[in-house]
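Here the structure is laid out as structure tokens; the discussion comes afterwards.
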Amino acid sequence: MTPRLTSVDYIKQLIRSYELRVKKRLGQHFMISPAVIERIVDLAGVGPQDTVIEIGPGLGALTERLAERARRVVAVEIDRDLIPVLQELFRERENVLVRQGDILEIDLEELTAGERCKVIGNLPYYITSPIVKRVLESRLKIDSFTVMVQKEVAERMTARPSSKEYGLLTVGVQYFAEVSFGGVVPRSAFWPQPEVESALVKMTPYRVPPVKVADEEFFFDVARAAFGQRRKMLGNALKGIRGGKKKAESDLASVIEAAGINPQRRGETLSLEEMAVLANHLFRG
Ligand code: SAM
């Protein structure tokens, strides 16, 4: 590894010579810890056969290590000002392709031309959930999806039912992928330092979801309603949703009961499996 990309002096020098500004609104906090970079690459299990999509390469510290380990790296950066820096840094690395674009807009499937890939990113925290959602719902063939996120978000993604962190994000992620917590990362691993602690999360997408749902959109409607009013019992929280809407209160309660669930329970206590069974019963009326 070339440690220069993680040196604060070097980063400051790059910023001066390219007349850059660090854009907080784009979540720009650059990685300055070689040890954390190594942890990310190891957690993702990057090897010489891999095509990697990197979300938000910034000034290239993680990109460089990925390029040393992977067959090919496609790095998508939204900030046009960083593109010449990245192009210059990786001019001699034929396996790095730098693409300017918004990860929420870009045609993801086109980046890999249908090949299997690993997706990795030290994410911009202001759009963590939309990025995770977009990648998991895409038609990319993903072996693993490894991200640095705000610590609280990592806790929500990996939460268990009945905990205070368990919610819509948990269900949304765990429906698509097996999720594991990759450890906390201190603020001192970044420059400039973020205001919050960070953590790593690895998602391994399922080829087939772990629960059967009759209708995916409706399943997420039910989850949204169940978590939307956390303190409410299911019998009340689900009143507004399609299927539950036209029913008398007692009907809704009996459908919930028919799913084997006590309508007095709260949404946050339901496992993914229970949420699916409940949504399927409500869907069928
Ligand atoms: N990977 C670099 C590192 O570890 O030092 C930078 C990480 S920084 C936390 C997040 C990066 O994502 C920034 O470079 C930022 O400009 C970029 N970014 C922000 N929004 C983006 C978007 N919608 N699409 C692609 N990149 C984005």
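The values are calculated or read from the model by the stated rules, or taken from the named source; none is laboratory data. None of the values given here were measured: they were computed from a predicted structure. Heads up, the Cβs are rebuilt from the backbone with ideal geometry, glycines too, and the neighbour counts pull from every protein chain shown. Ligands, DNA and RNA are stripped out before the accessible areas are found, and what is left, the full protein with its side chains, is counted by its heavy atoms. Shrake-Rupley method; radii C 1.70, N 1.55, O 1.52, S 1.80 Å.
Per-structure values
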{"read-out": "Residue satisfying condition, being buried (at least 22 other Cβ atoms within 10 Å of the Cβ) and part of a loop (DSSP other than H, G, I, E, B), within set LEU5, LEU20, LEU59, LEU82", "value": "LEU59"}
{"read-out": "Elements of type strands (runs of 3 or more DSSP E) in the stretch 125-213, at least 1 residues being modelled with pLDDT of 95 or more and under 23 Å from GLY101 (Cβ atoms)", "value": "141-150, 198-205"}
{"read-out": "Members of the stretch 172-194 found to be small (Gly, Ala, Ser), over 16 Å from ASP221 (Cα atoms) and crowded, with 17+ Cβ neighbours inside 10 Å, listed by number", "value": "ALA177, GLY182, ALA189"}
{"read-out": "Subset of the stretch 56-77 that is hydrophobic (A, V, I, L, M, F, W, C), touching a Pro at 6+ places or on another chain (Cβ under 8 Å) and closer than 21 Å to SER33 by Cα - its residue that is farthest from the ligand (Cβ to nearest atom)", "value": "ALA70"}
{"read-out": "Selection status of GLU137, more than 15 Å from the ligand (Cβ to nearest atom) and not small (Gly, Ala, Ser)", "value": "yes"}
{"read-out": "Number of positions in the stretch 149-171 that are in contact with a helix residue (DSSP H, G or I) (Cβ under 7 Å, 6 or more places away or on another chain) and either open to solvent by 20 Å² or more (accessible area, probe 1.4 Å) or of a type in the set (A, V, I, L, M, F, W, C) (or both)", "value": "12"}
{"read-out": "Check on ARG230, away from the ligand (no atom under 16 Å from the Cβ) and closer than 30 Å to GLY47 by Cβ", "value": "no"}
{"read-out": "Filtered residues of the stretch 44-95 (kept if among the β-branched types (Val, Ile, Thr) and within 17 Å of LEU14 (Cβ to Cβ))", "value": "THR63, ILE83, VAL85"}
{"read-out": "Test: residue in the stretch 78-93 that is within 21 Å of the chain's Cα centre (by Cα) and within 13 Å of the ligand (Cβ to nearest atom)", "value": "yes"}
{"read-out": "The listed residue being closer than 23 Å to VAL36 by Cα and of a type outside the set (A, V, I, L, M), out of TYR175, TYR166, TYR126", "value": "TYR126"}
{"read-out": "In the stretch 78-96, residue farthest from ARG21 (Cα to Cα) [restricted to those that are free of Cβ contacts under 8 Å to residues at least 60 places away in the same chain and aliphatic (A, V, I, L, M)]", "value": "VAL96"}
